[in-house]
1. How far apart, in nm, are the 7 Å Cα→Cβ label points at residue 294 and residue 145?
2. So what's the back-of-envelope 222 nm ellipticity for the chain, counting only DSSP H runs of four-plus at -39500 (n - 2.57) apiece and dividing by all residues, rounded to 500?
3. Stretched out fully, how many nm does the piece from residue 211 to residue 301 gain, at 0.36 nm a residue minus the Cα gap?
4. Which residue, 219, 110, 91, has the most motion in a Gaussian network model of the chain that connects Cα atoms within less than 10 Å?
5. Can you give me the distance in nm between label points at residue 242 and residue 321, each placed 7 Å from the Cα along the Cα-to-Cβ direction?
6. On C-alpha positions alone, give me the angle between the axis of helix 197-207 and the longest principal axis of the chain, in degrees, nearest 10.
7. Tell me the Rg and the Dmax, in Å, that the Cα atoms of region 54-100 produce.
8. Hey, what's the Cα Rg ratio for region 84-338 versus the globular rule of thumb, 2.2 N^0.38 Å?
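Readers should treat all values here as calculations from the given coordinates under stated rules, not as data from a laboratory. These figures come from a predicted structure and were not determined experimentally. Every residue, glycine among them, receives a Cβ derived from its backbone with ideal geometry; neighbour counts consider all protein chains shown.
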Ligand code: HEC
């Protein structure tokens, strides 16, 4: 009997001892959803775990307000979202090699600042806007030292970037300011030498996610193709009509918008150059090799027209409320940045940066469509990052 009692007590005691951890386990399982979700959201956006205080705030949004997006909007305030995630996001667009291993510059800083301040991102290619650092040597039109100093000092981009106008900082007339297109870094990379078609090609690639090869359309008019493009390359005019025209017919009348820009540098020192804007005067690079096709188009000003509004490239989703033609880089930038392709491209790039993979299955495609639709209502890029993190962190 006594041994029975003992064993019963033991069992009871064991049960009591067990019940506490079991209960705790039940509790933590119930809690682990939101806490784990919050941690993952934070990690996706900032690359590091949240502090306990931040984690509590995020969990509170998820549990008590049922609002994981609000939790993600807390995480995007972490310094590393700006210093690391956004810096790495924007840097490859600012150089021809598309490398992430390049210093901060006025192009990437302006992207980061616009996201931080929730500036309408469809003004990326048109606004008279430039972000500079508050605690660094003064901005110079001849070098990138200002931005490299910000990085060398380890300053937080979230804190030090200040919104200015290009016209007040670089002295470009405001009619020549065209968002990141007229930054020094973009000029160094894409207005250097050549014929300024490079700026157009990389803008399409980086901001509409379209390599020209993919959107060739040889059915557009040839009438704006410049004189330097031979109409019988290798003596064969069929090559021109079947191949060259596919890009050049549509590209040329858009790239005319850049006719007043150049990047001038001391011989042998490409990094010591500056953006030049010659309002009203077409850059000589637009008129070179005029003997290649004498009947070709002679650029007289910076007027542009978008032939791709018609034909197969109408699928890029041009904005019907815009005229489709104009003068200068800013209005052409608006043409590009108000297309559906631009919005979808920015969303897709944010998805890739946060989810660390390409959108794949149909659920991903639906998510991209949903975010693109929401992005087009106010062009708040910061929210797209937050939405992507919520999606990829699971629930
Ligand atoms: C896939 C699109 C595409 C096709 C096809 C194409 N081009 Fe181009 N072309 C470009 C781009 C983009 C540039 C600007 C390159 C740069 O500066 O980065 C360019 C530049 C040029 C230039 C200026 C070169 C210079 O900088 O001096 C000439 C001339 C030219 N192309 C002729 C042709 C001819 C002739 C053909 C057909 C055999 C052709 N292109 C086919 C996209 C294309």
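1. Modelled inter-label distance: 5.1 nm.
2. Dividing the helical sum by the residues of the chain leaves -14000 deg cm²/dmol.
3. Details: separation 90, 0.36 × 90 = 32.40 nm, distance 2.64 nm.
Length gained between residue 211 and residue 301: 29.8 nm.
4. In this elastic network of the chain, the residue with the biggest mean-square fluctuation among 219, 110, 91 is 219.
5. About 4.4 nm, to one decimal.
6. Long axis of 197-207 versus the principal axis of the chain: about 20 degrees.
7. Just the Cα atoms of region 54-100 yield Rg and Dmax of 15.1, 47 Å.
8. Rounded to two decimals, the normalised Rg is 1.02.
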